[in-house]
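Step one of this worksheet: look at the structure below.
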Amino acid sequence: QVQLVESGGGSVQAGGSLRLSCAASGTIFSFNIMGWYRQAQGKQRELVAAITNRGSTNYADSVKGRFTISRDNAKNTMSLQMNSLKLEDTAVYYCNGHHYDMDYWGKGTLVTVSS
């Protein structure tokens with residue numbers, strides 16, 4: 001059974017940094033695409049950043065220049081370095097693994113940015 005587990009969430013002041021990690025288990029394949037999504041209270045889940053198994057990346061406009069996504073295919077892990085955090089980055093962050101027609105999700109980790 002494929003599982004994705006996020007870690008690294010927490011509380012930080014605006015302007016600070018956090019690093020999220022996602023570890024996949026129960027799979028022998030490397031996801032075609034891995035990504036971070038977030039859902040703020042009362043809002044829809046949105047894509048934050050994604051990375052292919054070849055290293056191509058895509059970022060939401062709101063995080064470009066502040067967040068950096070990376071992955072280790074051999075270890076089936078993914079990270080999100082978040083710098084210059086803003087109040088509006090507060091949300092539950094979810095790890096996603098996409099492989100052909102299958103999507104796998106972690107349970108999420110809460111990031112709270114305060115002033």
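List of remarks:
- Checked against (1) closer than 16 Å to GLY16 by Cβ; (2) in a loop (DSSP other than H, G, I, E, B), ASP61 passes all but a single condition, namely (1).
- For the range 53-62, the condition of being touching a helix residue (DSSP H, G or I) at 6+ places or on another chain (Cβ under 8 Å), touching a residue at least 12 places away in the same chain (Cβ under 8 Å) and open to solvent by 30 Å² or more (accessible area, probe 1.4 Å) holds for at least one residue.
- Candidates THR27, THR52 - the one that is hydroxyl-bearing (Ser, Thr, Tyr) and modelled with pLDDT of 95 or more: THR52
- Of all residues making up the range 66-106, the number that are over 12 Å from ALA23 (Cα atoms), open to solvent by 40 Å² or more (accessible area, probe 1.4 Å), modelled with pLDDT of 95 or more and among the charged types (D, E, K, R): 2
- Of all residues assigned to the range 30-47, none qualifies as being part of a helix (DSSP H, G or I) and surrounded by fewer than 18 Cβ atoms within 10 Å (Cβ to Cβ).
- Test: TYR100 is in contact (Cβ under 8 Å) with a residue 40 or more places away in the chain, touching a Leu at 6+ places or on another chain (Cβ under 9 Å) and of a type in the set (Ser, Thr, Tyr): no
The values are calculated or read from the model by the stated rules, or taken from the named source; none is laboratory data. Computed from a predicted model, the values in this text were never measured in an experiment. Note: ideal-geometry Cβ built from the backbone for every residue, glycine included; neighbour counts use all protein chains shown. For the accessible areas, the whole protein counts, side chains as well, though only heavy atoms, and no ligand, DNA or RNA atoms are used. Shrake-Rupley method; radii C 1.70, N 1.55, O 1.52, S 1.80 Å.
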